[in-house]
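Novice: Input: one structure, supplied below.
The values are calculated or read from the model by the stated rules, or taken from the named source; none is laboratory data. This is a predicted model, so every value here is computed, not measured. Cβ placement follows ideal geometry from the backbone for every residue including glycine, while neighbour counts extend to all protein chains displayed. The accessibility values were calculated without ligands, DNA or RNA, using every heavy atom of the protein model including side chains. Shrake-Rupley method; radii C 1.70, N 1.55, O 1.52, S 1.80 Å.
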Amino acid sequence: MPSHALDQPEPLNDPLSDPLARERSHLAASRAALRAMRADVEALDLRDVAANWVNAEALHHQVSERIKALADLSHTPLFFGRLDYLHAPGAEAAEGAEGEPAAGGGSTDTFYIGRRHVHDGDGDPMVIDWRAPVSQPFYQASKKTPMDVGLRRRFGYTGGELTAYEDEKLSDPTEAEQTSKLLQSEIERPRVGPMRDIVATIQPEQDEIVRAGIGGTVCVQGAPGTGKTAVGLHRVAYLLYAHRERLARSGTLVIGPNRSFLHYIEQVLPALGELQVAQATVEDLVARPATGVEVRGADSADVARVKGDARMAEVLRRALRSHVTPPTEACVVVRGSRRWRVPAYEIEETVAELLARDIRYGAARDALPQRIAHAVLVRMEQAGEAPDDRVQDAVARNPAVKAAVKAIWPPVDPAKLVLRLLSDADFLAAHADGILTADEQKTLLWAKPPRSVKSAKWSPPDAVLIDEAADLIERTHSLGHVVLDEAQDLSPMQYRAVGRRCTTGSATILGDLAQGTTPWATSSWDEALTHLGKPGSTVEELTQGFRVPREVIAYASRLLPAIAPGLSEATSIREAAGDFAVRAVAAAELDAAVITACHEALSHEGSIGLIAAEARLPALAAALTEAGLTPLSPGEETSPEARLTLVPATLAKGLEYDYVVLDEPAAVVDGEPDERTGLRRLYVALTRAVSGLTVVHAAPLPERLA
């Protein structure tokens with residue numbers, strides 16, 4: 001595979017005779033075209049276009065977002081590849097969701113592949129969006145299946161400057177298939193700052209997941225370094241491209257495990273031109289400040305496990321329905337000089353029918369006055385009157401009907417319902433009978449019940465229970481697509497909370513069973529998908545790593561039989577083994593040895609993560625300060641001047657650093673409530689390194705690593 005770099009002076013003759021110079025010329029022309037596209041939008045005169053001020057504001061917002069999306073990021077390559085087809089693709093195959101013509105770079109069979117679509121003044125494309133169908137062979141074509149591609153060209157950049165290119169003649173039988181050096185160098189490029197997109201390095205198995213249809217939910221089981229998070233984010237970008245109008249109406253959401261993680265990934269979608277995707281944690285989803293619920297407390301692992309059990313949904317359902325009381329007397333409606341009587345037994349039949357339909361509590365409560373009013377209208381018609389719908393609505397609002405409905409089907413506040421369940425032993429026992437054991441019920445009850453919703457020290461699992469109760473009363477709004485990352489850590493009740501947000505939409509579920517670090521972490525994706533309300537969804541497994549060096553992933557994989565038996569061991573395409581060392585030191589020398597390892601890591605280019613158990617953080621922070629090293633906190637953006645981050649092992653999941661120093665593995669394991677969870681936490685910490693890992697320990701290593 002021939003590679004060409006700009007490592008010699010350019011020839012003095014016509015620069016366009018040099019292929020690299022021609023490509024640089026096309027890059028300059030494409031950037032100029034993008035600036036012209038933005039200028040055209042900025043020049044739009046929106047005066048007197050909208051019918052009213054609301055439409056005018058919406059239009060101004062749309063134009064503002066369009067201008068942002070057309071920004072030319074100087075250090076981000078505008079295109080990263082090129083396809084030369086043997087035959088010009090058909091117009092239908094080449095046209096993307098934005099109506100891109102079937103041409104690129106001035107030729108009917110040459111296409112430049114980039115992060116977004118760029119066209120010239122005549123509307124002819126200079127760069128094709130990576131998501132367009134005509135771009136797919138850039139990721140999928142191979143020597144065995146060339147997909148009518150004669151030449152695939154990859155470009156290398158330094159900053160925003162095009163400095164090299166590499167060609168693969170896919171349809172040439174005389175050329176052997178080789179590993180792309182540019183692809184390898186892009187994967188191994190040092191990390192500084194937040195997570196970046198992988199649009200230039202998407203692999204065939206990743207591309208298949210990215211381009212999967214919107215109709216179904218996809219679950220991705222991915223070993224460390226396989227790019228599952230990036231795949232999920234790029235899938236959102238692809239779906240927004242292919243189904244923009246649909247998702248613009250229904251909305252998209254990315255759910256991450258914590259704020260540090262969301263900050264780390266927040267620039268990926270904007271870099272791909274997608275600005276309208278919301279991000280949240282599960283805690284954000286279920287927060288209901290308007291109800292007076294404020295999460296200020298925490299539960300022990302045992303309590304949280306019971307509160308997160310799927311059986312709690314049925315306990316809540318029973319408790320809610322217990323508020324429905326069969327009528328004991330007739331409902332008498334007075335209209336003018338006439339009195340209309342609906343007997344108690346007839347209302348009771350209506351109530352039983354609504355309960356049997358198992359519709360939401362609030363919807364049934366809204367339906368009951370209309371049912372009673374209908375019974376009154378039947379009597380009116382039998383008496384020779386001719387009432388219409390307006391009469392039925394008036395009867396439904398009659399004080400007698402409203403009083404009857406309030407007595408039979410009273411309004412219920414979801415927070416007050418959960419408060420009573422956790423405070424009132426008799427109420428809990430009545431509705432948990434046959435569902436929870438006596439010990440589990442005792443575990444749930446507050447030792448000192450609060451007096452009100454506002455005074456309660458609600459925990460995160462409590463907020464999930466309140467969200468469940470709220471959905472039993474009124475339907476939760478469903479989005480068009482939800483991405484759930486680090487999904488293995490959720491409880492069944494948390495899965496239900498996420499599933500409520502995509503009941504009429506689809507989801508992309510990302511995770512690794514081996515990295516489940518909560519006591520309630522799921523044991524199988526089939527189980528998790530069932531709780532999400534998406535049983536039978538496709539489960540894809542990514543085992544080829546692109547980030548973690550071979551030696552490091554092999555070392556960490558020694559833990560797999562203990563933490564996730566049955567999972568395939570991850571491999572790595574990284575040719576370099578990486579810098580890897582395990583150092584045993586005396587306890588008195590531990591802090592100094594860690595500082596030495598940090599100094600060694602800082603001698604390399606890229607980001608450095610010092611990962612340690614919570615109990616070790618104060619000592620390490622003091623040692624770093626004494627050594628003149630001021631560490632960043634997780635989520636803070638690195639810079640050339642500040643590259644070292646002190647990371648609690650509990651927050652390391654999903655993050656990555658070029659070099660990792662791991663302090664005292666035994667302390668990481670001991671910091672968790674049980675050994676399996678501790679070993680899983682250690683597995684996470686061991687697999688955060690991109691280029692090198694140094695393990696420093698004074699206590700004996702876990703048996704499988706010794």
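Novice: Using alpha carbons only, how many degrees (0 to 90, rounded to 10) separate the axis of helix 19-42 from the longest principal axis of the chain?
Specialist: 30 degrees
Novice: Then there's this: Excluding same-chain residues fewer than 8 positions from K448, which lysines have a Cα within less than 20 Å of its Cα?
Specialist: Within reach: K307, K416, K457.
Novice: Oh, and also: In percent, what relative contact order does the stretch 208-263 have, based on Cα pairs under 8 Å that are 6 or more apart in sequence?
Specialist: Over the stretch 208-263, the number comes to 35 percent.
Novice: Right, next: Expressed as an acute angle from 0 to 90° and rounded to the nearest 10, what is the orientation of the C-alpha long axis of helix 460-473 relative to the principal long axis of the chain?
Specialist: 50 degrees
Novice: What lysines does K653 reach when the alpha-carbon gap must be under 21 Å and sequence neighbours fewer than 8 apart in one chain are set aside?
Specialist: Hits, sequence-local ones excluded: K228.
Novice: At R0 = 56 Å, how high is the FRET efficiency between D72 and S322 if r is their beta carbon distance? Nearest 0.05 is fine.
Specialist: Between D72 and S322 the formula returns 0.35.
Novice: Apply the Karplus parameterisation 6.51 cos²θ - 1.76 cosθ + 1.60, with θ equal to phi minus 60°, to every residue of the stretch 500-513 and state each ³J(HN,Hα) to the nearest whole Hz, in sequence, with x for glycine and proline.
Specialist: Once θ is set to phi - 60°, the couplings for the stretch 500-513 become 4, 7, 9, 4, 9, x, 10, 9, 10, 9, 10, x, 9, 4 Hz.
Novice: If you don't mind, another one. For the stretch 609-706, just the Cα atoms, rotate onto the principal axes and tell me the three extents in Å, largest first.
Specialist: 39, 26, 22
Novice: Just add up the charged neighbours of V303: K/R +1, D/E -1, any other residue whose Cβ is under 15 Å from the Cβ of V303.
Specialist: With Lys, Arg at +1 and Asp, Glu at -1, the neighbours total 0.
Novice: Among 201-208, 133-140, how do they line up from the highest to the lowest mean number of other beta-carbon atoms within 10 Å?
Specialist: Those peptides, ordered most packed to least, come out 133-140, 201-208.
Novice: Right, something else. Please give every one of the lysines within straight-line cross-link reach of K169, meaning a C-alpha to C-alpha distance under 17 Å, and leave out same-chain neighbours fewer than 8 residues apart.
Specialist: K143, K144, K181
Novice: Let me ask another. Sort 552-562, 460-470 for me by packing, meaning the mean count of neighbouring Cβ atoms within 10 Å per residue, highest on top.
Specialist: Descending packing order for the listed peptides: 460-470, 552-562.
Novice: Additional query: Rounded to the nearest whole Å², what accessible area per residue is found for the stretch 199-248 with the 1.4 Å probe?
Specialist: Ligands and nucleic acids excluded, the figure is 26 Å² per residue.
Novice: Please give the length that would be gained between A290 and A88 if that part of the chain were fully extended, namely 0.36 nm times their separation in residues minus their C-alpha to C-alpha distance (nm, one decimal).
Specialist: On the way: separation 202, 0.36 × 202 = 72.72 nm, distance 5.85 nm.
That works out to 66.9 nm of additional length.
Novice: Normalising by the residue count of the chain, find the relative contact order in percent from Cα pairs under 8 Å and 6+ residues apart.
Specialist: It comes to 13 percent, rounded to a whole number.
Novice: Moving to a separate point now. Once the Cα atoms of helix 311-321 and of the chain are each reduced to a long axis, what angle between those two axes, in degrees from 0 to 90 to the nearest 10, is obtained?
Specialist: Long axis of 311-321 versus the principal axis of the chain: about 30 degrees.
Novice: Dipole magnitude of the chain about its Cα centre, charges +1 at Lys/Arg Cβ and -1 at Asp/Glu Cβ only, in debye to the nearest 20?
Specialist: Details: 75 positive and 99 negative charges, 556 e Å.
So the magnitude is around 2680 debye.
Novice: In addition: If you roll a 1.4 Å probe over the chain with all protein chains in place, what percent of the accessible area is carbon or sulfur?
Specialist: Of the solvent-accessible surface of the chain, carbon and sulfur hold 51 percent.
Novice: Considering the values (i) 29.2; (ii) 27.2; (iii) 26.0, which represents Kirkwood radius over Cα pairs in Å as calculated for the structure under consideration?
Specialist: For Kirkwood radius over Cα pairs in Å, the calculated option is (i).
Novice: Here is a further query. If you average the C-alpha positions of the stretch 201-274 and of the stretch 530-571 separately, how far apart do those two centres end up, in angstrom?
Specialist: Using only Cα atoms, the two centres lie 19 Å from each other.
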